[in-house]
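Have a look at the structure below, then the notes.
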Amino acid sequence: MTRDDLLAYCLAKPGAWRDEPWEGDVVAKVGNKIFAFLGGDAGSSVGVKCGPNREVADEWLVRYPDDATVMAYIGRSGWNTLDVGGAIPEDELLEAIDASYDTVVSKLPRKERPANA
């Protein structure tokens, strides 16, 4: 699975759109909130919300110690970086993106939520 595959998967979600808030760093947003950090062109990881808090998100670190890390700055809020092409199965990466999207959508004001989400 490539970065472009992950980006396409993210952008296929209702209301999702691509943004580049920092030069060279691509993210997927729904409404005005990020649900996936895809990084630069050579990116081989995805940053996603892996739980409502650090304790829940730490389950990824236990299961995949070589392929999951706490994201800088926002990790305390349950965000992890998951490596692509390592021990984490592709279907679990996609499920993590789905969960991150669902979490972010649920926190949007009702009027800003995509109709099909």
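The values are calculated or read from the model by the stated rules, or taken from the named source; none is laboratory data. Since the model is a prediction, treat every value here as computed from it, not as a measurement. A quick note on method: Cβ atoms are made from the backbone with ideal geometry, for glycine too, and the neighbour counts reach across all protein chains shown.
Of everything listed in (1) on the phi < 0 side of the Ramachandran plot; (2) touching a strand residue (DSSP E or B) at 6+ places or on another chain (Cβ under 6 Å), the single unmet condition for G78 is (1). One residue alone among I88, I74 is touching a Leu at 6+ places or on another chain (Cβ under 7 Å) and either of a type in the set (S, T, N, Q) or closer than 14 Å to C50 by Cα (or both), and that residue is I88. For the stretch 15-31: of the residues being surrounded by fewer than 16 Cβ atoms within 10 Å (Cβ to Cβ) and at pLDDT 95 or above, which is farthest from A115 (Cα to Cα)? Ranking the candidates gives D19 first. Residues in the stretch 51-61 include none that are crowded, with 17+ Cβ neighbours inside 10 Å, at pLDDT 95 or above, within 27 Å of E23 (Cα to Cα) and touching a Gly at 6+ places or on another chain (Cβ under 8 Å). For the stretch 17-117, give me every one of the strands (runs of 3 or more DSSP E) that falls completely inside it and has 1 or more residues that are over 13 Å from the mean Cα position of the chain (by Cα) and touching a residue at least 60 places away in the same chain (Cβ under 8 Å). The strands (runs of 3 or more DSSP E) meeting that bar number zero. When we screen A42, A8 for residues that are at pLDDT 95 or above and either under 21 Å from E90 (Cα atoms) or not basic (K, R) (or both), the only hit is A8.
Among the candidates A72, A12, the residue that is surrounded by fewer than 20 Cβ atoms within 10 Å (Cβ to Cβ), within 18 Å of E112 (Cα to Cα) and of a type in the set (A, V, I, L, M) is uniquely A12. Of the numbered criteria (1) hydrophobic (A, V, I, L, M, F, W, C); (2) touching a Phe, Trp or Tyr at 6+ places or on another chain (Cβ under 9 Å); (3) under 13 Å from L7 (Cα atoms), the one L38 fails is (2).
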